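Colleague: Below is one structure. I have some questions about it.
Taken together, the values in this text are just the output of simple stated rules run on the coordinates, not laboratory data. Remember, it's a predicted structure, so these values are computed and weren't measured experimentally. We place every Cβ from the backbone using ideal geometry, glycine too, and count neighbours over all the protein chains shown.
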Amino acid sequence: MENRETLPSLSSTYTSVIPVKCIYKQQDIDTFTQSLAFDRLLTFIMLLNQSVLGKKVSDIQSVSPQVQQILDLLDILDTWINDFPPLHNPQRFGNKAFRQWLQKVEQETSTLMTRSLPRSLHVALPELNVYWMGSFGNETRIDYGSGHELSFLAWLCGLAMMDYLTSDDYPAVVLSIFTRYLELVRKVQRTWSLEPAGSHGVWGLDDHQFLPYVWGSAQMIGHSKLKPSSITKPDIVEMMAKDYLYYRCIQYIGQVKRGPFHEHSPMLFDISAVASWNKVNTGMAKMYVAEVLKKVPVVQHFPFGHLFPFIKNTSSSEIE
């Protein structure tokens, strides 16, 4: 496989391409898991995981101009939400005003990226923009799920492979950029009542997100006092949510779900019985591969191009 310690640098060899979908059936998953695309995505997830071990959100005191530029882009999308208030006529699934907001995002993306990102990246924008536009939900189904979250991850990973983000930025990619992205998509979910995309219902980890549980458990590794069982104590959750993604997720679930935690979130409740955060983190990473990267309904929407080639990694040895 490509060295799991690093991502390839593609800035000098990049060839412009429009990414295309390649996954249609279970058999294609086997090809995907042995591909360069799979290896690059998983490498990026694990590099980010490593970068936030034992770190708090408030540990990020300053960010690079590149990270700040991405935060500014997310802020711009947030300001557009107010322009499309929810429609008041009865709607069974999601609020159709979401479509207007997403159409604005799509219409403005090319201009926004050309203006915001350096000229050296412009050759890759036709590919990068597809991942950006796939990061905020589906216009037709008015839903959002782990496939959209994966698209945002791919956009960030593409920026790293194009040498826009460096390894020094990785802690801020999780603790500044991704936390801001979570705030944005949660506001989107609440404003227009987005359906969970491909949800397992009560037997899923979360209606909408997955990655913050991976990186959030990494943040907690080695914590002197708090064990995974602490997530069942609302007062601790409130206290820790500011600095730790895992608790932030549990806090959000508490705001949008009713009833006992073990009933509406049985999987997270079961995981709270695991002895250590280290085991939670390892389990979450494996579960992400199994429940997101290896699930046809999720990754069938993922497009492949130069950044993420759907071609066999000749030295691949898949991580289980």
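Colleague: Nothing charged except the Cβ atoms of Lys and Arg (+1) and of Asp and Glu (-1): what's the magnitude of the dipole of the stretch 173-320 about its Cα centre? Round to the nearest 20 debye.
Modeller: Rounded to the nearest 20 debye, it is 200 debye.
Colleague: Quick one: grab Rg to one decimal and Dmax as a whole number for the chain, Cα atoms only, in Å.
Modeller: 19.0, 56
Colleague: In Å, what Kirkwood hydrodynamic radius results for the stretch 104-146 from the alpha-carbon pair distances? If you can, show how the numbers build up before the last one.
Modeller: Numbers: mean 1/r = 0.0886 Å⁻¹.
Roughly 11.3 Å, rounded to one decimal.
Colleague: Remind me, relative contact order of the chain in percent, using alpha carbon pairs under 8 angstrom and six or more residues apart?
Modeller: 33 percent
Colleague: Rounding to the nearest 20 debye, state how big the charge dipole of the chain is about its Cα centre with +1 on each Lys and Arg Cβ and -1 on each Asp and Glu Cβ.
Modeller: Using Cβ point charges on Lys, Arg, Asp and Glu, the chain gives about 500 debye.
Colleague: For a protection proxy built on the mean count of beta-carbon atoms within 10 angstrom, sort 70-77, 172-179 highest first, please.
Modeller: Peptide ranking by packing, descending: 172-179, 70-77.
Colleague: Sticking with this structure for a sec: Taking the Cβ of each residue in Met240, Met267, Met133 as the centre, tally the other Cβ atoms inside 10 Å and list the residues starting with the fewest.
Modeller: Met267, Met133, Met240
Colleague: Under 25 °C and 0.890 mPa s, how fast does the stretch 171-246 diffuse according to Stokes-Einstein, given a Kirkwood radius computed over C-alpha pairs? Answer in µm²/s, whole number.
Modeller: 177 µm²/s
Colleague: I need the helices of the chain that pass two filters: whole DSSP H segments spanning 20 Å or more by Cα along the axis, and mean Kyte-Doolittle score no lower than 0.0.
Modeller: The qualifying helices are 36-51, 65-81, 146-161.
Colleague: Further question on the same structure: Taking the number of other C-beta atoms within 10 Å as the exposure measure, put Trp80, Trp277 in order starting with the fewest.
Modeller: Details: Trp80 14, Trp277 23.
Listing Trp80, Trp277 from fewest to most nearby Cβ atoms yields Trp80, Trp277.
Colleague: Just name one of Val289, Val299, Gly222: the one whose Cα is farthest towards the positive end of the charge dipole of the stretch 189-320 (beta-carbon charges, Lys/Arg +1, Asp/Glu -1).
Modeller: Of the candidates, Gly222 comes out farthest on the positive side.
Colleague: So, with +1 on the Cβ of K and R and -1 on the Cβ of D and E, and no other charges, what is the size of the charge dipole of the stretch 51-198 about its Cα centre, to the nearest 20 debye?
Modeller: Roughly 400 debye, rounded to the nearest 20.
Colleague: What does the C-alpha gyration tensor say about the overall shape of the stretch 27-97? Classify as rounded when a/c is under 1.5, otherwise prolate if a/b is larger than b/c, or oblate.
Modeller: oblate
Colleague: Can you put His208, His88, His223 in order, fewest other beta carbons within 10 Å first?
Modeller: Taking fewest neighbouring Cβ atoms as first place, the list is His88, His223, His208.
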